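Data block below; observations after.
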Amino acid sequence: SGGGGTGADGGLLFDGPQGEVESISVEPATTTIDVVNGTSTPAQFKAVGKLKTGGTTTVPATWAFDRLDLAVISAGGSLKAHGSKGGTGTVTATFGALTATATATIALKLEDDSAGLTAADKAKFATPDSNPSGTLLYPYDKTVFARGILAPELMWSGGAAGDKYKLEIVDKAVTLTAFFAADPPSRFVMKKDWWTALTESSDGSAVSVKLSRLDAAGTAHQAMAQTWKIAPGSLRGTIYYWAVNLGQIVKINPGASAPVP
(Lines give C-alpha, C1' and ligand atoms only; values in the text may rest on other atoms or scores of the structure.)
Protein backbone atom coordinates (compact mmCIF):
# COMPACT_ATOMS: atom_id res chain seq x y z
CA SER A 1 0.00 0.00 0.00
CA GLY A 2 2.94 2.30 -0.60
CA GLY A 3 5.72 3.48 1.67
CA GLY A 4 7.61 0.21 1.28
CA GLY A 5 7.28 -2.73 3.63
CA THR A 6 7.20 -6.45 4.14
CA GLY A 7 4.21 -8.68 4.82
CA ALA A 8 3.79 -10.21 8.26
CA ASP A 9 0.86 -11.72 10.17
CA GLY A 10 -1.53 -10.78 7.40
CA GLY A 11 -0.49 -7.12 7.56
CA LEU A 12 2.46 -4.87 6.86
CA LEU A 13 5.59 -4.18 8.87
CA PHE A 14 7.07 -0.99 7.50
CA ASP A 15 10.80 -0.94 6.90
CA GLY A 16 10.93 2.76 6.32
CA PRO A 17 8.72 5.62 7.56
CA GLN A 18 6.00 4.57 9.98
CA GLY A 19 3.50 7.13 8.73
CA GLU A 20 1.12 4.46 7.46
CA VAL A 21 0.33 3.47 11.08
CA GLU A 22 -1.85 6.10 12.75
CA SER A 23 -2.32 4.41 16.15
CA ILE A 24 -1.49 1.23 18.04
CA SER A 25 -3.17 -0.91 20.67
CA VAL A 26 -2.03 -3.77 22.89
CA GLU A 27 -3.67 -7.17 22.81
CA PRO A 28 -4.90 -8.45 25.17
CA ALA A 29 -6.00 -5.21 26.84
CA THR A 30 -6.20 -6.95 30.23
CA THR A 31 -4.81 -10.25 31.44
CA THR A 32 -4.18 -12.18 34.64
CA ILE A 33 -1.23 -14.47 35.29
CA ASP A 34 -2.12 -17.11 37.89
CA VAL A 35 0.90 -18.21 39.90
CA VAL A 36 -0.02 -21.51 41.59
CA ASN A 37 2.49 -22.55 44.29
CA GLY A 38 5.20 -20.66 42.42
CA THR A 39 4.41 -21.98 38.94
CA SER A 40 2.92 -19.89 36.13
CA THR A 41 2.72 -19.47 32.37
CA PRO A 42 3.93 -16.19 30.84
CA ALA A 43 1.40 -13.91 29.18
CA GLN A 44 2.07 -12.97 25.55
CA PHE A 45 1.24 -9.47 24.31
CA LYS A 46 1.28 -8.06 20.81
CA ALA A 47 1.12 -4.52 19.45
CA VAL A 48 -1.43 -3.96 16.71
CA GLY A 49 -1.19 -0.94 14.42
CA LYS A 50 -4.19 0.71 12.81
CA LEU A 51 -3.40 1.75 9.22
CA LYS A 52 -4.48 5.06 7.75
CA THR A 53 -5.67 3.19 4.69
CA GLY A 54 -7.79 0.84 6.78
CA GLY A 55 -7.04 -2.52 8.35
CA THR A 56 -4.50 -3.48 10.98
CA THR A 57 -1.06 -5.01 11.23
CA THR A 58 1.19 -6.35 13.95
CA VAL A 59 4.05 -3.92 14.62
CA PRO A 60 7.46 -4.57 16.23
CA ALA A 61 7.00 -2.54 19.41
CA THR A 62 9.37 -1.90 22.28
CA TRP A 63 7.96 -3.26 25.54
CA ALA A 64 8.03 -2.08 29.16
CA PHE A 65 6.32 -3.07 32.43
CA ASP A 66 6.07 -0.60 35.30
CA ARG A 67 6.05 -3.16 38.15
CA LEU A 68 9.45 -4.79 38.06
CA ASP A 69 8.78 -6.18 41.54
CA LEU A 70 6.00 -8.32 40.03
CA ALA A 71 7.21 -9.46 36.63
CA VAL A 72 9.59 -8.87 33.74
CA ILE A 73 8.67 -8.44 30.08
CA SER A 74 10.84 -9.63 27.19
CA ALA A 75 11.72 -7.83 23.98
CA GLY A 76 9.06 -9.95 22.28
CA GLY A 77 6.24 -8.96 24.66
CA SER A 78 6.24 -12.04 26.92
CA LEU A 79 5.46 -11.13 30.54
CA LYS A 80 6.83 -13.56 33.14
CA ALA A 81 5.82 -13.32 36.81
CA HIS A 82 8.48 -13.60 39.52
CA GLY A 83 5.98 -15.57 41.62
CA SER A 84 6.73 -14.04 45.01
CA LYS A 85 4.35 -11.08 44.95
CA GLY A 86 0.93 -10.27 43.53
CA GLY A 87 -0.50 -7.04 42.18
CA THR A 88 -1.39 -5.08 39.07
CA GLY A 89 0.84 -3.20 36.65
CA THR A 90 0.82 -1.51 33.26
CA VAL A 91 2.32 -2.95 30.09
CA THR A 92 3.43 -0.27 27.61
CA ALA A 93 4.15 -0.79 23.91
CA THR A 94 6.06 1.86 21.96
CA PHE A 95 6.28 2.02 18.18
CA GLY A 96 7.99 5.14 16.89
CA ALA A 97 6.12 8.06 18.46
CA LEU A 98 3.07 5.90 19.21
CA THR A 99 2.33 4.22 22.55
CA ALA A 100 -0.41 2.00 23.95
CA THR A 101 -0.97 0.27 27.26
CA ALA A 102 -2.56 -2.83 28.76
CA THR A 103 -3.20 -3.99 32.31
CA ALA A 104 -1.63 -7.12 33.78
CA THR A 105 -2.46 -8.67 37.15
CA ILE A 106 -0.25 -11.18 38.92
CA ALA A 107 -2.47 -13.40 41.12
CA LEU A 108 -0.74 -15.63 43.66
CA LYS A 109 -2.51 -18.86 44.65
CA LEU A 110 -0.77 -20.80 47.41
CA GLU A 111 -2.17 -24.07 48.76
CA ASP A 112 -0.92 -26.55 51.33
CA ASP A 113 -2.54 -29.79 52.50
CA SER A 114 -0.70 -31.02 55.58
CA ALA A 115 -3.91 -32.83 56.63
CA GLY A 116 -3.81 -35.03 53.52
CA LEU A 117 -7.50 -34.61 52.77
CA THR A 118 -9.14 -36.33 49.81
CA ALA A 119 -10.84 -34.31 47.08
CA ALA A 120 -14.19 -35.48 48.47
CA ASP A 121 -13.36 -34.18 51.95
CA LYS A 122 -12.20 -30.83 50.56
CA ALA A 123 -15.46 -30.51 48.65
CA LYS A 124 -17.44 -30.83 51.90
CA PHE A 125 -16.27 -27.38 53.00
CA ALA A 126 -18.39 -25.91 50.19
CA THR A 127 -21.61 -27.33 51.71
CA PRO A 128 -21.41 -26.78 55.48
CA ASP A 129 -24.28 -27.31 57.88
CA SER A 130 -25.76 -24.47 59.96
CA ASN A 131 -23.58 -25.07 63.04
CA PRO A 132 -20.59 -22.78 63.65
CA SER A 133 -17.08 -24.15 63.31
CA GLY A 134 -16.06 -22.40 66.52
CA THR A 135 -15.02 -18.97 67.78
CA LEU A 136 -11.88 -17.16 66.66
CA LEU A 137 -10.06 -15.84 69.72
CA TYR A 138 -6.97 -14.29 68.17
CA PRO A 139 -6.14 -12.17 66.29
CA TYR A 140 -9.08 -9.84 66.66
CA ASP A 141 -11.47 -8.92 63.89
CA LYS A 142 -10.55 -5.67 62.04
CA THR A 143 -6.90 -5.94 63.09
CA VAL A 144 -4.52 -3.77 61.04
CA PHE A 145 -1.12 -5.39 60.52
CA ALA A 146 2.05 -3.61 59.54
CA ARG A 147 4.52 -5.16 57.15
CA GLY A 148 7.79 -6.51 58.47
CA ILE A 149 6.36 -8.34 61.50
CA LEU A 150 5.79 -12.02 62.23
CA ALA A 151 2.64 -13.79 61.05
CA PRO A 152 -0.13 -13.90 63.66
CA GLU A 153 -0.84 -17.17 65.45
CA LEU A 154 -4.51 -17.93 64.86
CA MET A 155 -6.26 -19.32 67.96
CA TRP A 156 -9.83 -20.54 68.33
CA SER A 157 -12.20 -22.57 70.49
CA GLY A 158 -14.89 -25.07 69.61
CA GLY A 159 -12.86 -27.82 68.03
CA ALA A 160 -12.19 -31.41 69.08
CA ALA A 161 -9.39 -33.92 68.63
CA GLY A 162 -9.31 -35.32 65.11
CA ASP A 163 -10.97 -32.31 63.47
CA LYS A 164 -9.57 -31.00 60.17
CA TYR A 165 -9.65 -27.39 59.04
CA LYS A 166 -9.62 -25.22 55.94
CA LEU A 167 -8.12 -21.75 56.24
CA GLU A 168 -8.72 -19.40 53.33
CA ILE A 169 -7.21 -15.92 53.28
CA VAL A 170 -8.14 -13.83 50.25
CA ASP A 171 -6.69 -10.49 49.20
CA LYS A 172 -7.03 -8.74 45.84
CA ALA A 173 -3.97 -10.49 44.42
CA VAL A 174 -3.30 -13.35 46.85
CA THR A 175 -5.29 -16.45 47.83
CA LEU A 176 -3.88 -18.63 50.60
CA THR A 177 -5.55 -21.99 51.28
CA ALA A 178 -4.38 -24.42 53.95
CA PHE A 179 -5.88 -27.77 55.01
CA PHE A 180 -4.57 -28.95 58.38
CA ALA A 181 -5.30 -30.65 61.70
CA ALA A 182 -5.25 -28.71 64.97
CA ASP A 183 -6.28 -30.51 68.15
CA PRO A 184 -7.27 -28.29 71.12
CA PRO A 185 -5.90 -25.91 72.20
CA SER A 186 -6.34 -25.14 68.49
CA ARG A 187 -3.90 -22.81 66.78
CA PHE A 188 -2.19 -22.27 63.45
CA VAL A 189 0.69 -20.19 62.11
CA MET A 190 0.99 -19.75 58.36
CA LYS A 191 4.29 -20.17 56.56
CA LYS A 192 6.64 -17.20 56.64
CA ASP A 193 6.76 -16.92 52.84
CA TRP A 194 2.93 -16.95 52.72
CA TRP A 195 2.71 -14.09 55.22
CA THR A 196 5.38 -12.14 53.34
CA ALA A 197 3.55 -12.63 50.04
CA LEU A 198 0.28 -11.45 51.59
CA THR A 199 1.66 -8.38 53.34
CA GLU A 200 3.93 -7.26 50.48
CA SER A 201 1.17 -7.72 47.88
CA SER A 202 -1.64 -5.97 49.75
CA ASP A 203 -2.75 -2.50 48.63
CA GLY A 204 -4.55 -1.81 51.90
CA SER A 205 -7.87 -3.33 50.83
CA ALA A 206 -9.82 -5.59 53.16
CA VAL A 207 -8.45 -9.12 53.56
CA SER A 208 -11.03 -11.89 54.00
CA VAL A 209 -10.17 -14.61 56.54
CA LYS A 210 -12.31 -17.76 56.82
CA LEU A 211 -11.61 -20.79 58.99
CA SER A 212 -13.85 -23.85 58.55
CA ARG A 213 -13.98 -27.10 60.55
CA LEU A 214 -14.55 -30.64 59.32
CA ASP A 215 -15.37 -32.81 62.31
CA ALA A 216 -14.31 -36.42 62.85
CA ALA A 217 -17.69 -37.60 61.53
CA GLY A 218 -17.00 -35.90 58.20
CA THR A 219 -19.42 -32.97 58.59
CA ALA A 220 -18.31 -29.45 57.66
CA HIS A 221 -19.53 -26.45 59.69
CA GLN A 222 -20.04 -22.75 59.05
CA ALA A 223 -16.80 -20.81 58.75
CA MET A 224 -15.43 -18.51 61.40
CA ALA A 225 -14.78 -15.21 59.63
CA GLN A 226 -12.76 -12.06 60.14
CA THR A 227 -11.56 -9.10 58.10
CA TRP A 228 -7.98 -7.86 58.36
CA LYS A 229 -6.09 -4.98 56.79
CA ILE A 230 -2.42 -4.67 55.87
CA ALA A 231 -0.94 -1.22 56.34
CA PRO A 232 1.28 0.03 53.47
CA GLY A 233 4.21 0.51 55.81
CA SER A 234 6.72 -1.52 57.81
CA LEU A 235 7.56 -1.64 61.51
CA ARG A 236 11.32 -1.39 61.84
CA GLY A 237 13.28 -1.99 65.01
CA THR A 238 12.84 -4.07 68.14
CA ILE A 239 9.36 -4.83 69.50
CA TYR A 240 8.98 -5.13 73.30
CA TYR A 241 5.91 -6.59 74.98
CA TRP A 242 4.70 -8.24 78.16
CA ALA A 243 4.42 -12.02 77.72
CA VAL A 244 1.58 -13.21 79.94
CA ASN A 245 2.65 -16.86 79.70
CA LEU A 246 6.19 -15.99 80.89
CA GLY A 247 5.36 -13.22 83.31
CA GLN A 248 8.06 -10.92 81.95
CA ILE A 249 8.96 -8.46 79.23
CA VAL A 250 10.37 -10.00 76.05
CA LYS A 251 11.57 -8.53 72.79
CA ILE A 252 11.64 -9.50 69.12
CA ASN A 253 14.77 -8.23 67.42
CA PRO A 254 14.66 -7.13 63.76
CA GLY A 255 14.47 -10.17 61.50
CA ALA A 256 14.13 -12.63 64.39
CA SER A 257 11.57 -15.41 64.29
CA ALA A 258 11.17 -15.75 68.06
CA PRO A 259 11.28 -13.48 71.13
CA VAL A 260 14.00 -13.41 73.79
CA PRO A 261 13.91 -12.11 77.39
Dividing the helical contributions, -39500 (n - 2.57) per DSSP H run of n ≥ 4, by the residues of the chain yields a 222 nm value, nearest 500 deg cm²/dmol, of -1500 deg cm²/dmol
Karplus 3J(HN,Hα) series, Hz, for the range 119-126 with 6.51 cos²θ - 1.76 cosθ + 1.60 (x for Gly, Pro) | 4, 5, 5, 4, 5, 5, 5, 7
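With a 1.4 Å probe and every protein chain kept in, tell me what percent of the accessible surface of the range 167-261 is carbon plus sulfur.
The computed percentage sits at 55.
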Quick one: what are the phi-derived ³J(HN,Hα) couplings along the range 142-158, Karplus 6.51/-1.76/1.60 with θ = phi - 60°, whole Hz, x for glycine and proline?
-> 6, 5, 10, 9, 7, 6, x, 10, 6, 5, x, 8, 5, 9, 8, 10, x
Between Asp193 and Thr30, how many nm apart are label points set 7 Å from Cα along the C-beta direction?
-> 3.0 nm
D_trans [Stokes-Einstein, Kirkwood Rh over alpha-carbon pairs] for the range 151-220, 10 °C, 1.306 mPa s, µm² s⁻¹ | 123 µm²/s
Mind checking the angle between helix 192-201 and the chain's longest principal axis? C-alpha axes, 0 to 90 degrees, to the nearest 10.
-> 50 degrees
With both partners inside the chain, how many of the DSSP beta bridges are antiparallel, as a percent to the nearest 5?
-> 80 percent
Tyr241 accessible area, assembled protein chains, probe 1.4 Å, Å² = 90 Å²
Can you grab the distance from the C-alpha centre of the range 158-207 to the C-alpha centre of the range 216-248, Å, no decimals?
-> 10 Å
If amide H atoms are built 1.01 Å from N in the plane of the peptide, which residues on other chains or at least 5 residues away come under 5 Å of the amide H of Ser23?
-> Lys50
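At 1.4 Å probe size, with the rest of the protein present, what percent of the exposed accessible area of the range 68-164 is carbon and sulfur atoms? Please list the in-between numbers first.
Numbers: 2640 of 4720 Å².
In the range 68-164, the share of accessible area belonging to carbon and sulfur is 56 percent.
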On average, how much accessible surface per residue is there in the chain, in Å², for a 1.4 Å probe, leaving out ligands, DNA and RNA?
-> 52 Å²
Heads up, I need the accessible area for Ile149: 1.4 angstrom probe, whole protein in place, Å², nearest 10.
-> 40 Å²
The range 93-107 - phi-based ³J(HN,Hα) in whole Hz, Karplus 6.51/-1.76/1.60, Gly and Pro as x | 10, 10, 9, x, 8, 9, 9, 8, 10, 9, 10, 10, 10, 9, 10
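The values are calculated or read from the model by the stated rules, or taken from the named source; none is laboratory data. This structure is a prediction, so every number in the text was calculated from the model and none was measured. As a convention, Cβ positions derive from the backbone with ideal geometry for all residues, glycine included, and neighbour counts pool all protein chains shown. We work out accessible area using only protein heavy atoms, side chains counted, and drop any ligands, DNA or RNA first. Shrake-Rupley method; radii C 1.70, N 1.55, O 1.52, S 1.80 Å.
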